[in-house]
1. Among the residues of segment 103-123, count how many are β-branched (Val, Ile, Thr) and part of a loop (DSSP other than H, G, I, E, B).
2. Output the residues belonging to segment 48-69 that are in contact with a strand residue (DSSP E or B) (Cβ under 6 Å, 6 or more places away or on another chain) and farther than 16 Å from Ala131 by Cβ.
3. Among the residues of segment 88-102, what is the count of those that are in a strand (DSSP E or B) and either of a type in the set (Phe, Trp, Tyr) or over 21 Å from the mean Cα position of the chain (by Cα) (or both)?
4. Would segment 109-116 turn up any residue that is over 18 Å from Ala194 (Cβ atoms), crowded, with 17+ Cβ neighbours inside 10 Å, among the aliphatic types (A, V, I, L, M) and not assigned by TED's automatic domain parsing to the domain that holds Arg178?
5. Being farther than 26 Å from Thr189 by Cα, not in a helix (DSSP H, G or I) and not charged (D, E, K, R) is the filter here; which residues of segment 46-71 pass it?
6. Contact list please: Cβ distance under 6 Å, first residue in segment 301-312 and closer than 12 Å to Thr108 by Cβ, second residue surrounded by fewer than 21 Cβ atoms within 10 Å (Cβ to Cβ) and of a type in the set (Phe, Trp, Tyr), pairs at least six apart or on different chains.
7. Give me a count of the residues in segment 243-279 that are among the hydrophobic types (A, V, I, L, M, F, W, C), surrounded by fewer than 21 Cβ atoms within 10 Å (Cβ to Cβ) and touching an Asp or Glu at 6+ places or on another chain (Cβ under 7 Å).
Amino acid sequence: MSTKEWSVSYWHYMPGASSPMQMMKGAMKCMQCGGVQEGETVLISTDTNKLRIAEALGGAAYAVGATPIIIMIPPVGVHGGQLPEPIVAAFREADVFLQPSTWSQTHTRARVEAIKAGKRGCTMCEVTEDALCVGAIEADYEACDRLGRLLGAALAVSGEVRITTPLGTDIRGDVKGRPVQYETGLFKTPGSFAAFPDSEINISPVEGTAEGKIVSDVSIMSVGVTIYDHVTLIVKGGKVVDVQGGMAAAKLNQILKGLNDEKAYNYAEFGIGLNPKARLAATNLEDLGRLGNCHAGIGSNFAIGGKVLAPNHIDAMYRDATVYFDGKVVLDNGVCKI
């Protein structure tokens, strides 16, 4: 294969199947990170593509004495697409919720209302079977959480975030007053939310303040790997105003235009990866959470402290990032400077 080509044309990652026993390692770690207890109800919201993973998680929940409840629907077709009302109600009633799904359920009313009701859970968007066996799943999530809390404490009192990379990313935005989201992998307390096996913190800039450029050289949700087909996003006035590049850029343009909603272009999120065990371009969740990677969210931000409810939330990942809070370097390609 040429070094300038990627052998998989389909947007989703395509590893081989894993056995239920192999997946049980990660499924049990998910129970540990969520503090799942005997007698609790565990809602597993999935779709027809991820049923085997949902069943592994259900087995792990049963093993620790909880009652698993699997709800399965067809894939909704877009990251951040809203879920049917019966599922929203189920999220509010379960003690714990897990979201092993093809399309991200993070930026949905179901997730938001569950957290407001004091429930706890995690997103597992685009999770693959091997992601419950190797890679990010092997991380020390307590250590990831400590790093996230250290960075988050500094972020919470900052007015501006800026992120740069050697390839030309240079994006900034006003975050004063916006809450820090700790999606570090742990979700043991009421109202807590995690990304798993991802580990990250994120924050939504104030609408209209993001300016600059992102060069995605890792992957983009719904599009695929961009290591050999970089995509450049031009951001002005808090919106993505241009998408430049080759085939991957054309695919992203097609997706955004097809949504037929100006809010789909909202610059929604600064995301900062924390997980040193995450593999590069192996799964979406690992690209989001890999230490040294950052990501830009496009579309909805209402679920992370913003005001925009869009028909999508698509993340564009990039690596070798230097992160600044109020002009001070706090993270340099995964090395904490605080």
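The values are calculated or read from the model by the stated rules, or taken from the named source; none is laboratory data. All of these numbers come straight from a predicted model, not from anything done at the bench. Here the Cβ positions follow ideal geometry from the backbone for every residue, glycine too, while neighbour counts run over all protein chains shown.
1. 2
2. The answer is Gly58, Ala61, Tyr62, Ala66, Thr67, Pro68, Ile69.
3. So the count comes out to 1.
4. no
5. Thr48, Asn49
6. Here the result reads Leu309/Phe302, each pair linking segment 301-312 to a residue that is surrounded by fewer than 21 Cβ atoms within 10 Å (Cβ to Cβ) and of a type in the set (Phe, Trp, Tyr).
7. 1
Every residue, every condition in (1) at pLDDT below 95; (2) in a loop (DSSP other than H, G, I, E, B); (3) closer than 27 Å to Met24 by Cβ; (4) among the charged types (D, E, K, R), yes or no:
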position	(1), (2), (3), (4)
Ala143	no, no, yes, no
Leu147	no, no, no, no
Leu155	no, no, no, no
Leu167	no, yes, no, no
Gly173	no, no, no, no
Arg178	no, yes, no, yes
